[in-house]
Every structure is written in structure tokens, then in C-alpha cells.
Amino acid sequence: MQAEVANGSTTVEERVRLFLDEARRQKDLNCFITLFEEKALEQARHVDRKIRAGEATGRLAGLVLAVKDNIVIKDTPTTCGSKILNRFDSPYTATVVERLMAEDAVILGKTNMDEFAMGSSNENSAFGPVKNPHNNQYVPGGSSGGSAVAVAAGLADAALGSDTGGSIRQPASFTGTYGIKPGYGRVSRYGLVAFGSSLDQIGVFASTPAITARVLEVISGHDPRDSTSARVEVPSYSEAITPDMKGMRIGIPGEYFQKGLDPHIEKSVRALINEMEKAGATTVPVSLPMTEYAIAIYYIIATAEASSNLSRFDGVRYGLRADEARDLGDMYARTRSEGFGEEVKRRIMLGTYVLSAGYYDAYYNKAMKVRRLLKESFDAAFGQCDLILSPTTPTTAFKLGEKTDDPLSMYLQDIYTVSANLAGLSAISIPAGKDERGLPFGIQAQAPSFNEQVLFNCAQFIHNLKLI
Ligand code: GLN
């Protein structure tokens, strides 16, 4: 795509027009909350002018991207999929977006999402659910469902999402796209609306490992405006990418292949592991005994952090403010009651509960201790292997409405993905096949923090097998 733009057989403006037409044609998918029609065309013409003038262009010149609506862009709306941020325009731009623009990417629009990134189906959006393009009766996964669908339905070359417990990898799995959550600290969170600050990372969706790698290397790297961003050198992932499996040690965690896992997915994952062995990889069984506690720890720590982070939405500084309040306390209560959706309220209450006097030690503190044990079991496993392979999700996509009345079964969606956030690891979902209904599923590769390269190499090997 970039070569075509560079040699003049198409222009960035033409590409943006095609994407905008496509977004209108596939409006029913409900993928975008905001489309930047004029601005995107303007940016495109700017890049086209540079190309025509023979000036040096950025590493993303020619590419058109979508951004999840919890990442801010100056003077444009950010909703986080919530009514409470109604009519909120951001006063500044996130570091990741600055970096994309500095490399000549065009930003097409902001994508739909579960409210404040809480959910696994995109049904918790105040703007309505996103539909799965493989079958519009099914969910696309969440919470970055709009970003996943933007890529899967051909509405953008790549998209940014955020992943607190699986919100990039699970929708990537459900839509047949590549989705990477880099190691904690790899990408600046400046300008990402916080959900669980010790877990949140921004990452990338795209339709090939090479594009995913290219976009990630652009947005990665230390940022003085995020004190948790790491001072670790960023390799040129896209140039170093190789499908070479020789000598690769693949860890297989027994705990990830137990009841609840769709037998079709299990069979495909095992067949893939076989292919990798044939190409020179070796497998080692690894043990991750804390897996059975991962969901419990995640839903204590994530809700605790969310209850604190979301206290800023009180009707004073941002977006919505309820009318007819009797006094200040009443205004807070009415704004939050009207502005937040049901799942967000559930999380705030759970989080407030696990942090409250008398319960703090029993829940929050204990969860933090088990989090440490979980991290240590991954460290031990990575002493024996270079990456850990598993399914990304126990099943393929479910039907719209199927799990909305059962939060626990929704939370169990995250069984294979939350550990990477709790331990700060790098993890990717790689399209690995489709079930008998034609719904895609992914394989997850996890690697130590900041070793994203090994994930891209593994993704390239699987990509070359042309499974979908
Ligand atoms: N599905 C998980 C949740 O609801 C993960 C969300 C995310 O990664 N943002 O919390």
C-alpha cells in the first residue's frame, strides 16, 4: 500500500475517500463514533503534497488509521463509549497520536468501545453495540470492538486499541485480526483515559504482522509525560521480522487446555504447534498454577483501580452535568447515576467494596499478593521457554445478547488474557482459523515484557501458513 502511494499509482486522498465510502456503506456495523471526514482528507492531501514534491515522508505515509475513543485528540470529542463524556472535547493530544501523525499517518476516526473499556462484547457502549463483520448476529468482542472491526471490515489499515485484561486480543480473536498488547511501559499512556492504571496498555490491530509491527514501533518508547513508560530501546520490529522457528522454545501451559475450551479450537492450536515443531521449534510443558485465580485477582485489582480513576467524572470538570440538583452532593449523585451505564456502576461498587476498611486486607491486599505469585510463575516458565502458546479465547464469538444478563460468564471470556496484564507481559493474538460457522479464532503468544519481536516472528510464521 505504501509502495503504491509512493510510486504514484494511488494517492493518500484517494485511499481516504475509499475508506470513508466503505465506512458509510458498512454503517450498520456501528464501528465509528466519530469520523474525521474533512480533517482526514486534509491530512491526506498534506502527505500527497510531500510525496509529489519528493520530500522525505514518515514511516506511516500512505496508511490510514482508526483510534479507540478512549485516546484523546485535541479539540475533538472523546466519549469512552459513555454518556457521561457527552460533548467533551479534549484539550490535548495523546502521545501515541502525536507519534502517528509525526510519521504521516492519517487518522480516519474514533472507534466504538465498551463504556470506559469495561466489557468483552462491545454491548456496554452508550452508542450501541458493534457488529461482527463475519456474521452481524454475533459480537465482535470487546472492549476495543470498534477498532477490531475497523480492520476486519476493511475500514482502516490499522487501529489503536487499549488492553487492560484482553481488550485487544479477545476482539482480535473474534474478528480474525492481529492484535498486540505490548509489555507494560512499552507505550506511553499519556492521553489514554485510565481504567486500571497498573494494567492498561495501548496496542495495535492490523491485518498482517508487518503492519502491526510497523505501527507498534512508531508508538513505542519512553515518554517523559508518563512516569510508567519504560526507558528501553525500541527495536525496528518490522525490519527484524522473520518466520524462522529454528531453536524456538515454545511453552505449553497445561492449565490453558482444560474444560470450557472449545474442542475445535484446541485441535487447531495443537495442529499449529505441530507445524512449528516441524519448522524447528521445540515444545516444553510449563506450569502456571495461579491461572485458576487470575480472573478473581483481575476483577479485584481492575475494579479497585477503576473506582479510583473514575471518581474524576463527577459533573464538575468533564462532559455531562445533571440538571435540577438540590446541592453539590445531589449534583454528583445525579450526574453519576444518569451518566454511567450499568456495568461501570457495578465495577465502581465492586472496587469501592474491595478497598473499603475491613475488606482491604481480605480482598485488595490478598489479590496483590497472588498477583506477585502469578508473576513469579511466569518468570519461572520463561526460564524454560521463549514464548507461551495457548488459545486467545475459550470459544469463538457469541451471539449479541447471549451473555448480557450473566456478568460472570462474560468475565470468564478473559480467562487466557488477563494474566499478561497482571504480570506486565507482551502478548499477541494471531488469526488461527475459523469454526464450522465461519467465525474466526486466534492463538495467543505471550512473551516476557518488551520481547515483542519474538511475538511478531511467531505471527509471521503462522501468517505464512495462510490458515484464513
Ligand atoms: N473484558 C475485560 C474487562 O471487562 C478487559 C477489558 C479491557 O481489557 N479493557 O475488564
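Points worth noting:
- Restricting attention to segment 326-360 and to residues that are among the acidic types (Asp, Glu) and under 31 Å from the mean Cα position of the chain (by Cα), the residue that is surrounded by the fewest Cβ atoms within 10 Å (Cβ to Cβ) turns out to be GLU342.
- Counting residues in segment 43-53 that are closer than 13 Å to ASP104 by Cα, part of a loop (DSSP other than H, G, I, E, B) and polar (S, T, N, Q) gives zero.
- Residues of segment 35-79 classified as open to solvent by less than 50 Å² (accessible area, probe 1.4 Å) and of a type in the set (D, E, K, R), total: 4
- Among residues of segment 391-415 that are in contact (Cβ under 8 Å) with a residue 60 or more places away in the chain, those with a Cβ under 6 angstrom from a residue that is among the acidic types (Asp, Glu), sequence gap 6+ or separate chain, pair up as THR395/ASP262; THR396/ASP435; THR404/GLU123.
- Of the residues making up segment 169-207, those that are open to solvent by less than 10 Å² (accessible area, probe 1.4 Å), under 17 Å from VAL97 (Cβ atoms) and in a loop (DSSP other than H, G, I, E, B) are PRO182, ARG186, SER188, GLY191, ASP200.
- Every residue from segment 191-218 that is among the polar types (S, T, N, Q) and touching a residue at least 60 places away in the same chain (Cβ under 8 Å): SER197, SER198, GLN201, THR208, THR212
- Out of ASP89, ASP69, ASP75, ASP48, sole residue that is over 16 Å from GLY161 (Cβ atoms) and either polar (S, T, N, Q) or touching a helix residue (DSSP H, G or I) at 6+ places or on another chain (Cβ under 9 Å) (or both): ASP48
- Residues satisfying the stated conditions in segment 106-131, i.e. among the β-branched types (Val, Ile, Thr) and more than 19 Å from PHE398 (Cβ to Cβ): VAL106, ILE107, THR111
- Of the residues screened, ALA306 is one that is out of contact with any Pro (no Cβ under 9 Å at 6 or more places or on another chain) and buried (at least 20 other Cβ atoms within 10 Å of the Cβ).
- Pairs with Cβ under 8 Å, 6+ apart, first in segment 437-454 and in a helix (DSSP H, G or I), second polar (S, T, N, Q): GLU452/SER426
- Of all residues making up segment 379-408, the number that are open to solvent by less than 40 Å² (accessible area, probe 1.4 Å) and among the β-branched types (Val, Ile, Thr): 4
- Restricting attention to segment 139-163, the residues being open to solvent by 20 Å² or more (accessible area, probe 1.4 Å) and either outside any loop (DSSP other than H, G, I, E, B) or under 16 Å from VAL193 (Cβ atoms) (or both) number 1.
- Filtering segment 433-456 to residues that are open to solvent by 20 Å² or more (accessible area, probe 1.4 Å) and within 20 Å of the chain's Cα centre (by Cα) leaves PRO448, SER449, PHE450, ASN451, GLN453.
Results for (1) farther than 20 Å from TYR360 by Cβ; (2) buried (at least 22 other Cβ atoms within 10 Å of the Cβ), shown as yes or no for each residue.
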{"position": "MET290", "(1), (2)": "yes, no"}
{"position": "ALA296", "(1), (2)": "no, no"}
{"position": "TYR299", "(1), (2)": "no, no"}
{"position": "LEU310", "(1), (2)": "no, yes"}
{"position": "LEU320", "(1), (2)": "yes, no"}
{"position": "GLU324", "(1), (2)": "yes, no"}
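The values are calculated or read from the model by the stated rules, or taken from the named source; none is laboratory data. These numbers come from a predicted model, not from an experiment. Every residue, glycine as well, gets a Cβ built from its backbone with ideal geometry; the counts of neighbours run over all protein chains shown. Note: accessible area is taken over every heavy atom of the protein model, side chains too, but ligands, DNA and RNA are not part of it. Shrake-Rupley method; radii C 1.70, N 1.55, O 1.52, S 1.80 Å.
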